């Protein structure tokens, strides 16, 4: 059942982009749109949008990079672990929960490392890969998306992102406990 | 909020780095200036004017005693080049292999960002058989490891940020062009009409047939399929469309925050990266996390959307709490 689901989704993923391109172009040609001209008209925005993101992304990534390099994460883990112990979050998985919203490449490296130490099919291994797989790099997304439209006052966006991340990590913990619990 | 978190990250990293470095100085973690007693094994054939090539035989107990650590150290042999005069004094270059102690790797990274350690050799002498010798190694003094590390991280991440942004240019252009075609052909209107019952509730401030809705739908679909190359450009297009409805440029709207809540929830049908890492680590069932990941992401997404709907009413987060700058920021 899971295998079938995986195969179907993989198939859709492979077909999706070529199909989308084909449908858009064929549809537009049928509707007598000057496809080439319209495409170029839209595409010329690509450069400015990408370049507009740079200051926001630099600000976000360099602060997170410093934070990770300073070793402050270890101290944060030490401070938070008494609380997370109460809800049964293994101490080994806590760095992952904290790092996932901050750094995509960092949490990917951490996941591989934990997998190597505890084994991919151990409870910790499954939990950590679920945490990685079920979440996005929140702060990166905020920087890129808001940066592209020059939003500096983010209002409740950061609080919402953090609440969502906490709930996602707790959800991952609970479902892993139910299905593969120790 | 973002201002505070940003300042928090920077200030905390500075304080932590200074704290760690002060601790290292006080504890003399790196035993600066003290001679490390090393047993060397030299291949006799390699004696030449360009130095003596050999290997340092690292014994865990000796290492732990010298640095006063209890960390696990593997017994290993590390290649070393000795450049000594007739009295046995001179300099050395030690290559750190994968088995080398972590402490030495940190030291090497801090000094030269390589896997090599340099320093002075004292009293090198070969044994009678001409292969086994003894000497003292004095490593280059190591100071301010963490301060150097955060400086390097700040510089390299700034470069990375630009690389990421520039890497987006091509696929941005591709998808913005395609979406423009779809828009001109009226395809987007059809797409939005199908999902109007849902989108009207999620984004009450956005007209149901607005191009933003189409871009949001396509972004969420691309994200769920794991097509990040398509998802980001389309998502940025959605932000641009949402920004056209923004009465106060430079400030986020309710619709934007709800959209980002869905986006950062990270709902994905097949977490391909995590599965690949599991497979590489030798898992018997790499795909076992598909179901659990979907549950986790659903929790995050639902919580995010609810939180965005609740928090947007708080006076603290009101749109006109802070001054807008609609004149300046329209770029």
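Tabulated values for the structure
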| item | result |
| --- | --- |
| Test: residue B:303 is modelled with pLDDT of 95 or more and in a helix (DSSP H, G or I) | yes |
| Hey, residue B:185 assigned by TED's automatic domain parsing to the domain that holds residue B:235, touching a helix residue (DSSP H, G or I) at 6+ places or on another chain (Cβ under 7 Å) and buried (at least 22 other Cβ atoms within 10 Å of the Cβ) or not | yes |
| Any hit, the range A:70-78, residues being surrounded by fewer than 16 Cβ atoms within 10 Å (Cβ to Cβ) and over 30 Å from residue B:7 (Cβ atoms) | no |
| All positions within the range A:160-170 that are surrounded by fewer than 24 Cβ atoms within 10 Å (Cβ to Cβ) and either touching a residue at least 60 places away in the same chain (Cβ under 8 Å) or touching a helix residue (DSSP H, G or I) at 6+ places or on another chain (Cβ under 6 Å) (or both) | A:162, A:163, A:167, A:170 |
| Residue check, residue A:82 more than 7 Å from chain B (Cβ to nearest Cβ) and under 25 Å from the mean Cα position of the chain (by Cα) | no |
| Index of the failed condition, residue B:302 passing every other in (1) surrounded by fewer than 24 Cβ atoms within 10 Å (Cβ to Cβ); (2) under 22 Å from residue A:139 (Cβ atoms); (3) within 7 Å of another protein chain (Cβ to nearest Cβ) | (3) |
| Members of the range B:181-220 found to be in a helix (DSSP H, G or I) and closer than 18 Å to residue B:304 by Cβ, listed by number | B:198, B:199, B:201, B:202, B:216, B:217, B:219, B:220 |
| Residue A:37 in contact with a helix residue (DSSP H, G or I) (Cβ under 7 Å, 6 or more places away or on another chain) and either assigned by TED's automatic domain parsing to the domain that holds residue A:167 or under 30 Å from residue B:185 (Cβ atoms) (or both) | no |
| Sole exception among (1) at the interface with chain B (Cβ under 7 Å from one of its Cβ atoms); (2) more than 28 Å from the chain's Cα centre (by Cα) for residue A:23, by number | (1) |
| Count - residues of the range B:5-32 that are facing another protein chain (nearest Cβ under 9 Å) and touching a helix residue (DSSP H, G or I) at 6+ places or on another chain (Cβ under 6 Å) | 8 |
| Residue in the range B:252-269 that is more than 9 Å from chain A (Cβ to nearest Cβ), over 26 Å from residue A:18 (Cβ atoms) and out of contact with any strand residue (DSSP E or B) (no Cβ under 7 Å at 6 or more places or on another chain) present | yes |
| Sole exception among (1) closer than 30 Å to residue B:176 by Cα; (2) at pLDDT 90 or above; (3) in a helix (DSSP H, G or I) for residue A:32, by number | (3) |
| Selection from the range B:123-152 of residues that are away from chain A (no Cβ under 14 Å) and part of a loop (DSSP other than H, G, I, E, B) | B:127, B:128, B:129, B:130, B:131, B:140, B:141, B:142, B:143 |
| Check on residue B:155, over 30 Å from residue A:55 (Cα atoms) and assigned to a helix (DSSP H, G or I) | no |
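The values are calculated or read from the model by the stated rules, or taken from the named source; none is laboratory data. Only a predicted model underlies this, so the values are computations on that prediction, with no experimental measurement involved. Every residue, glycine among them, receives a Cβ derived from its backbone with ideal geometry; neighbour counts consider all protein chains shown.
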